[in-house]
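Below is one structure, written out as structure tokens; the observations come after it.
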Amino acid sequence: MPLSRDEGAALLERFRRYLREHHLPVTRQRDAVAEVLFRSDDHLAVEAIERRLKERGARVGTATVYRTLELLLEAGLARAHDFGEGYRRFEPMPARPHHGHLVCSRCGRVTEFTNESLERILPIVADEHAFQHRRHRVEIYGLCRDCRQRDLGDLGAPAAAPPFGTSAR
């Protein structure tokens, strides 16, 4: 779920305030990394952030990208996810309701979802097992609609007519 322009601007201002409160410099490079993350509608890996920075003409080193992401995590303005790909992906953390992720095992697409019934049942399940629920993360792995459609291919398409002058047997 992409952030609105106002939400992204508010997160950027919160990041700048966090940096000042911790006596850290507010730099163009840190702003650029945060802006790429806050304006994205994807869950971005470091490589994707670097690519988008380059497309914008921003010159930011890899170490600065990693350090800035760690600062965003420490500030509670971003969340890191490991979807089993061997690297982390990042998303902004605005004040929004909890959400889960549908992760395509083939193409890597991540789709966010919310489900009130699921949110209500998880603490109940924990309670049934005498477990004190504090937090949770829901990730569902499978195939997205596009990958399933590619698997089906032309199975659902009507058969083509035979070439002119030949007969189908």
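The values are calculated or read from the model by the stated rules, or taken from the named source; none is laboratory data. None of the values given here were measured: they were computed from a predicted structure. Neighbour counts run over all protein chains shown; Cβ positions are idealised from the backbone, glycine included.
In this structure, does Val36 turn out to be within 29 Å of Asp146 (Cα to Cα) and among the hydrophobic types (A, V, I, L, M, F, W, C)? Even if it seems obvious, please write down each step before you answer.
Numbers: within 29 Å of Asp146 (Cα to Cα): yes; among the hydrophobic types (A, V, I, L, M, F, W, C): yes.
Yes.
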Boolean, Arg79 is under 19 Å from Glu112 (Cβ atoms) and either in contact (Cβ under 8 Å) with a residue 24 or more places away in the chain or in the same structural domain as Thr114 (by TED's automatic domain parsing) (or both): no
Checklist (1) under 30 Å from Gly8 (Cβ atoms); (2) at pLDDT below 90; (3) not basic (Lys, Arg); (4) not assigned by TED's automatic domain parsing to the domain that holds Val33 applied to Cys104, failing item: (2)
Hits in segment 31-83 (condition: closer than 24 Å to Ser4 by Cβ and of a type in the set (S, T, N, Q)): Ser40, Thr68
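Count, please, the residues in segment 1-18 that happen to be in a helix (DSSP H, G or I) and loosely packed, with under 13 Cβ neighbours inside 10 Å.
Let us first name the residues in segment 1-18 that are in a helix (DSSP H, G or I), namely 5-18.
Then drop every residue that is not loosely packed, with under 13 Cβ neighbours inside 10 Å, which leaves 5-6, 13, 17.
The qualifying residues number 4.
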Residue match in segment 110-120 (condition: within 22 Å of Val36 (Cα to Cα), under 16 Å from the mean Cα position of the chain (by Cα) and either modelled with pLDDT of 90 or more or of a type in the set (Lys, Arg) (or both)): no
Test for Val33: is it among the aliphatic types (A, V, I, L, M) and within 24 Å of Thr111 (Cα to Cα): yes
Single residue of Glu21, Glu70, Glu85 found to be of a type in the set (Asp, Glu), more than 30 Å from Ile140 (Cα to Cα), exposed (fewer than 15 other Cβ atoms within 10 Å of the Cβ) and not assigned by TED's automatic domain parsing to the domain that holds Glu112: Glu21
Residue that is surrounded by the fewest Cβ atoms within 10 Å (Cβ to Cβ), among those in segment 88-109 that are within 25 Å of Arg120 (Cβ to Cβ) and of a type in the set (A, V, I, L, M, F, W, C): Ala95
Helices (runs of 4 or more DSSP H) lying entirely in segment 44-155 (those with 3 or more residues that are aliphatic (A, V, I, L, M)): 46-55, 62-74, 116-128
